[in-house]
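So the structure is just underneath, and the comments pick up after that.
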Amino acid sequence: MAEDPDSNVFIKVEGLHQRFGRHRVLRGVNLEVCRGETLCLLGGSGGGKSVLIKHMCGLMRPWKGSVSVEGENIADLPERALGAVRKRVSMMFQGGALFDSLSVGQNIAFPLLEGGLRDQDEIKCRVKEALEIVRMPGQENKMPADLSGGMRKRVALARAVVEKPSCVLYDEPHAGLDPVTSDSIDHLIRDLGADHNIANVVITHEMRSVFRIADRVAYMKDGSIYWKGTPEELGASKDPELINFVE
């Protein structure tokens with residue numbers, strides 16, 4: 001029996017439109033995210049990238065179109081049902097969005113507590129595992145104010161993976177980081193795919209990172225997908241729009 005071609009698709013966006021008042025932000029986006037792949041989302045500011053990924057975890061609902069996670073259309077799910085979706089599709093926000101009054105361990109444990117987990121030993125174990133994944137073992141008791149920008153990003157990533165999601169969405173994970181720290185974030189993203197089969201959707205303007213981590217690239221323009229392909233195809237493209245962005 002032939003294998004279902006959709007069996008490897010984890011998120012499927014079809015005909016997605018979004019508007020705020022009269023301003024149309026997304027105009028019929030079609031995009032698939034496969035299990036375990038790293039997909040980089042490129043495009044100029046205001047192209048709709050951040051709005052698109054917020055639909056993938058149910059933080060925003062479509063004006064028109066659908067977003068399916070593992071074959072289930074999440075566009076019309078009630079808020080209570082979206083909790084289960086966000087365990088599978090988690091998000092690392094642009095600034096890290098850590099709670100300054102909570103320790104590193106408490107920040108990472110937050111989604112577990114929100115999800116109803118009360119077993120303190122299990123919580124400690126899961127936090128420890130998440131910190132090991134982002135190569136910050138034993139840092140549970142530090143406060144966010146004591147961390148560098150790169151370490152804050154790592155803690156935000158640990159919080160994003162603590163519930164063992166199938167996909168992590170990243171909004172500009174390299175913003176404000178020096179090249180060495182950006183490299184370390186890239187290694188973590190690649191390891192999540194290779195070692196844990198976690199899909200990664202990464203909004204970035206760092207072209208070095210794109211060519212290092214991406215399995216596929218999607219370029220957005222004016223609220224829709226202008227181009228899709230591999231990093232190699234992007235580098236070889238003769239399209240003036242893409243050349244201008246890459247260079």
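The values are calculated or read from the model by the stated rules, or taken from the named source; none is laboratory data. For clarity, every value in this text was computed on a predicted model and none was experimentally measured. Virtual Cβ from ideal backbone geometry, glycine too; neighbours counted across all protein chains shown. In case anyone asks, the SASA skips ligands and DNA or RNA and just uses the protein heavy atoms, side chains included. Shrake-Rupley method; radii C 1.70, N 1.55, O 1.52, S 1.80 Å.
Points to keep in mind about this one:
- Extension reserve of the LYS54-LYS87 stretch, reckoned as 0.36 nm per residue once the Cα distance is removed: 10.5 nm
- Across the stretch 56-66, coupling constants 3J(HN,Hα) worked out from phi with the 6.51/-1.76/1.60 Karplus curve, θ = phi - 60°, read 5, 10, x, 6, 10, 10, x, 6, 9, x, 9 Hz, and Gly and Pro carry x.
- Cα convex hull of the stretch 105-227, projected area averaged across orientations, nm²: 8.6 nm²
- Two-decimal Rg to Rh for the stretch 45-135 - Kirkwood Rh, Cα set: 1.02
- The C-alpha radius of gyration of the chain, expressed as a fraction of 2.2 N^0.38 Å, stands at 1.01.
- Burial ranking of peptide ranges 113-125, 148-160 (average Cβ count within 10 Å, highest at the top): 148-160, 113-125
- Separation of the stretch 1-65 from the stretch 88-110 is 24 Å, based on Cα centroids.
- The modelled label-to-label distance for the pair LYS64/ALA194, using points 7 Å beyond Cα in the direction of Cβ, is 4.4 nm.
- To put it simply, the accessible area of the chain at a 1.4 Å probe is 49 percent carbon and sulfur.
- Label zone at MET143 (point 7 Å along Cα-to-Cβ), backbone N below 16 Å, the stretch 91-121: 98-107
- The alpha carbons of the stretch 86-171 occupy a box of 29, 28, 22 Å along the principal axes, longest dimension given first.
- Accessible area in square angstrom per residue, the stretch 1-131, 1.4 angstrom probe: 51 Å²
- Averaged per residue, the stretch 175-247 has 50 square angstrom of accessible surface, using a 1.4 angstrom probe with ligands and nucleic acids left out.
- The base-10 log of I(q)/I(0) for the stretch 1-91, evaluated at q = 0.11, 0.20 Å⁻¹, reads -0.32, -0.99 [Debye formula, identical scatterers on Cα atoms, solvent excluded].
- Modelled FRET efficiency - R0 30 Å, LYS124 with ASN8, Cβ distances, 0.05 increments: 0.30
- Alpha-carbon Rg with Dmax, taken over the stretch 142-208, Å: 11.8, 33
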